[in-house]
Amino acid sequence: MDVRTLRPAVARLFRPQLPGSTRTVRVAVEQELFAMGLFSGASVAPERVREASAGRWYAPWLSFEPGGQVEISLPSAPSPDAAARHLVEVTAALGRDLQPHSVVLDARPVRRCDPATPRHLRTPRYDAMEHHLDTIGPAGRRMMRSTASTQACLDWWPGAAGIEQWRVLLLAGPFLAAATARSTGPDGRLTTWLAVDPARTAFDDRLLHGDDPVAAYASFAAGATDFLGASAEAHLSTLFPPVRPRGRYLEVRFPDARPAREVGDLLHGLAALLYDDERRRAALASLSGERARLAEHWADAAAGCCDADRGLALLTGSRRRVAA
């Protein structure tokens, strides 16, 4: 699929809040969790989770990943604290309801102990995805079956501030990933993602090329194989960059999965980095020379040797380390 075909659909992904509208500072979280048999430790089929949660107040927010991972996608909250509290509440309720069914939840980012995890979701989309990723290597199956993340969604502002938000997340990404990592090295989640299909993950600087982010993203999308053979929108949904444009908000995809009680600090740090003008601009200034080295930084983050202290400083606002 070429740039000309893709550009109108990409432009719709780059439509932040309307100019002149009040800046909103909402936060949402998407939490992936492994659902495992209490006695076997093996992944369980989504049907067992659906049965346990049928009719429950939180059920509309549940979905599933190919390996049976449960995804809790919560509505936007007015603050990081509110989003984190809601996640703790939902996760606890789901966990209690699963216990009588001998199913437990695990917030680890990688399932190392179960390499034979089946693909529970059998759909044309996932059939085509697996077939394509198999042509590249084994990382695609590992990603689909045996990884989990904690993703944050934050409001995307119009104009220059929105461009700053987009750029700071892309530039800070590897440092933030290092600071929040719960798996590194050959078996780490990020290592798997870096090997899945580099043409559709963009763990480098290609999304920052030029002055037009729409053009850069359309070029990125055109470089990825269209394995669905459907619409431009469908193809764009198969791209997995570390930060995904979603129209009115940005989806931060790179953090490892973590227990619900630990999500609040992550949300606080990301919200402050995006919503505090002074913090955001100081971070951009400190990261201005890193664009050409982003691929190197992502590889270091996966290996566990990226500057995690710098990432922590970006999340906490420590001027001493941000300026390093």
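The values are calculated or read from the model by the stated rules, or taken from the named source; none is laboratory data. This is a predicted model, so every value here is computed, not measured. Positions of Cβ are generated from backbone atoms using ideal geometry, with glycine treated the same way; all protein chains shown enter the neighbour counts. Accessible surface is based on the protein model in full, side chains and every heavy atom, while ligands, DNA and RNA are left aside. Shrake-Rupley method; radii C 1.70, N 1.55, O 1.52, S 1.80 Å.
Tabulated data
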| quantity | calculated |
| --- | --- |
| Estimated D of the stretch 21-72 in µm² per second, where Rh is the Kirkwood radius over Cα pairs and Stokes-Einstein applies at 10 °C, 1.306 mPa s | 126 µm²/s |
| Average projected area [Cα convex hull, the stretch 1-102], square nanometres | 9.7 nm² |
| Low-density loop cleavage sites - trypsin sites (Lys or Arg not before Pro) in the stretch 26-85, where at most 16 other Cβ are within 10 Å (DSSP) | ARG56 |
| Rg over Rh, two decimals, the stretch 59-126 (C-alpha only, Kirkwood Rh) | 1.01 |
| Helix-only mean residue ellipticity at 222 nm for the chain, each DSSP H run of n ≥ 4 adding -39500 (n - 2.57), per residue, nearest 500 | -14000 deg cm²/dmol |
| Accessible surface of the stretch 174-301 [probe 1.4 Å, protein heavy atoms]: carbon and sulfur percent | 47 percent |
| Cα-based equivalent ellipsoid, the stretch 29-157: semi-axes from gyration tensor eigenvalues, Å | 25, 20, 13 |
| Approximate spin-label separation GLN99-ASP277, in nm, with each point projected 7 Å along Cα-to-Cβ | 5.0 nm |
| Nearest-0.05 FRET efficiency for ASP265 and SER63, computed from C-beta distance (R0 25 Å) | 0.50 |
| Gain on full stretching of the segment that runs from ASP81 to ARG293 - 0.36 nm per residue minus C-alpha separation | 72.9 nm |
| Label-point separation, PHE39 to ALA303 (7 Å along Cα→Cβ), nm | 4.6 nm |
| In Å, descending, principal axis extents of the Cα set of the stretch 145-187 | 40, 20, 14 |
| Heavy-atom accessible area per residue - the chain, 1.4 Å, Å² | 42 Å² |
| Pairwise FRET efficiency - ASP134 versus VAL88, Cβ, R0 = 35 Å, nearest 0.05 | 0.40 |
| Normalised alpha carbon radius of gyration of the stretch 207-260 [divisor 2.2 N^0.38 Å] | 1.30 |
| Paired Rg and Dmax values of the stretch 188-324, which use every Cα atom, in angstrom | 15.9, 50 |
| Euclidean distance between Cα centres, the stretch 263-320 to the stretch 91-156, Å | 27 Å |
| Fraction in percent of alpha-carbon pairs per bin - 10 Å, the stretch 91-221 | 10, 30, 34, 21, 5, 0 |
| Accessible area, probe 1.4 Å, largest first, for residues GLU47, GLU30 | GLU47, GLU30 |
| Along the chain, longest interval not containing exposed chymotrypsin sites (Phe, Trp or Tyr not before Pro), exposed being DSSP loop plus at most 15 other Cβ atoms within 10 Å | 58-324 |
| 10 Å binning of all Cα-Cα separations within the chain, expressed as whole percents from 0 upward | 6, 26, 35, 25, 7, 0 |
